[in-house]
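Student: Got a structure here, written out as structure tokens. Questions coming.
The values are calculated or read from the model by the stated rules, or taken from the named source; none is laboratory data. All of these numbers come straight from a predicted model, not from anything done at the bench. Please note: Cβ atoms are built from the backbone with ideal geometry, for glycine as well, and neighbour counts cover all protein chains shown. With ligands, DNA and RNA removed, areas are computed over all heavy atoms of the protein, side chains included. Shrake-Rupley method; radii C 1.70, N 1.55, O 1.52, S 1.80 Å.
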Amino acid sequence: TTVTDVSGVLPARISAIAISPQDDNVRLVGTTAGTIWLSTAPGSTTMTNITGPIPGRYVGRVAIDPTNANVAYVALNGFGLAAGQHVWKTTNLLSGNPIWAIAGNGIPDVPVNTFAIDPANTSVLFAGTDIGVFRSANGGTSWEPFSDGLPRVAVFGMEFHKTQRLLRIST
């Protein structure tokens, strides 16, 4: 197998990668400098900068909706962002010029380290932050703390167990 470098054009180290469950050719990359890159062509060795208005902060996680490759999220680390700007969403990722919108209202100004989309209901989202987990039941329009017995500690990983539909969280 020959592996081709597609990240050589990126201006910073890669900090997050997402591959669409619907199409292996749709790949979203976030960098330590806060830029977002997209590749959609089979075997593509080029990536397009689609950062738009997203602030230049370390990208903690990128995620693509498991049922719709046009919907994607970017979660940002760091402090000092305006209200809601730790999570961004697009509903036209594959358009060639995606429009990003603030999607983190209700999450305080704390780093968002990880992100999960409920595969059974993709309007239900989870954001792992430095002060615990937050949940959105409306596709990122609003967020609230999700404790259910969880401590208020930094969360660095989250993933749904596919068969049992359990959200696994690592601190």
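Student: Can you tell me which residues in segment 147-165 are closer than 16 Å to residue 118 by Cβ, more than 18 Å from the chain's Cα centre (by Cα) and surrounded by 10 or more Cβ atoms within 10 Å (Cβ to Cβ)?
Tutor: 165
Student: Take residue 81 and decide whether it is touching a residue at least 60 places away in the same chain (Cβ under 8 Å) and of a type in the set (A, V, I, L, M).
Tutor: So residue 81 does not fit the description; no.
Student: If you scan segment 46-57, which residues turn out to be more than 20 Å from residue 140 (Cα to Cα) and open to solvent by 40 Å² or more (accessible area, probe 1.4 Å)?
Tutor: Once the filter is applied, which keeps residues that are more than 20 Å from residue 140 (Cα to Cα) and open to solvent by 40 Å² or more (accessible area, probe 1.4 Å), segment 46-57 yields 46, 48, 49, 56.
Student: Please work out which one of (1) at pLDDT 95 or above; (2) loosely packed, with under 14 Cβ neighbours inside 10 Å; (3) β-branched (Val, Ile, Thr) is the condition residue 9 fails and give its number.
Tutor: Condition not satisfied by residue 9: (1).
Student: Let me ask something else about it. Quick one: which of 122, 114, 91, 129 is among the polar types (S, T, N, Q) and farther than 25 Å from residue 161 by Cβ? Before you say what the answer is, go through the steps one by one.
Tutor: Numbers: 122 fails: farther than 25 Å from residue 161 by Cβ; 114 fails: farther than 25 Å from residue 161 by Cβ; 129 fails: farther than 25 Å from residue 161 by Cβ.
The conditions single out 91.
Student: Could you please find all residues in segment 58-81 being of a type in the set (Val, Ile, Thr) and surrounded by fewer than 19 Cβ atoms within 10 Å (Cβ to Cβ)?
Tutor: Kept after step one, since they are of a type in the set (Val, Ile, Thr), are these residues of segment 58-81: 59, 62, 64, 67, 71, 74.
Scanning segment 58-81 gives a single hit, 67.
Student: Taking residue 114, is it in contact with a Pro (Cβ under 7 Å, 6 or more places away or on another chain) and either assigned to a strand (DSSP E or B) or more than 17 Å from residue 76 (Cα to Cα) (or both)?
Tutor: no
Student: Among the numbered criteria (1) part of a loop (DSSP other than H, G, I, E, B); (2) more than 16 Å from residue 92 (Cα to Cα); (3) modelled with pLDDT of 95 or more, which single criterion is violated by residue 54?
Tutor: Residue 54 satisfies all of (1) part of a loop (DSSP other than H, G, I, E, B); (2) more than 16 Å from residue 92 (Cα to Cα); (3) modelled with pLDDT of 95 or more except (2).
Student: Pick out the one residue from 43, 106, 84 that is outside any strand (DSSP E or B), open to solvent by 10 Å² or more (accessible area, probe 1.4 Å) and modelled with pLDDT of 95 or more.
Tutor: Result of the check over 43, 106, 84: 106.
Student: Okay, moving on. Taking residue 138, is it assigned to a loop (DSSP other than H, G, I, E, B) and within 15 Å of residue 73 (Cα to Cα)?
Tutor: Yes, satisfied.
Student: Continuing with the same structure: With the condition kept exactly as written, say whether any residue in segment 153-170 is charged (D, E, K, R), farther than 17 Å from residue 21 by Cα and assigned to a loop (DSSP other than H, G, I, E, B).
Tutor: No: zero hits.
Student: Also, I was wondering about something else. Within segment 87-100, restricting attention to residues that are modelled with pLDDT of 95 or more and part of a loop (DSSP other than H, G, I, E, B), which residue is most open to solvent (accessible area, probe 1.4 Å)?
Tutor: That would be 99.
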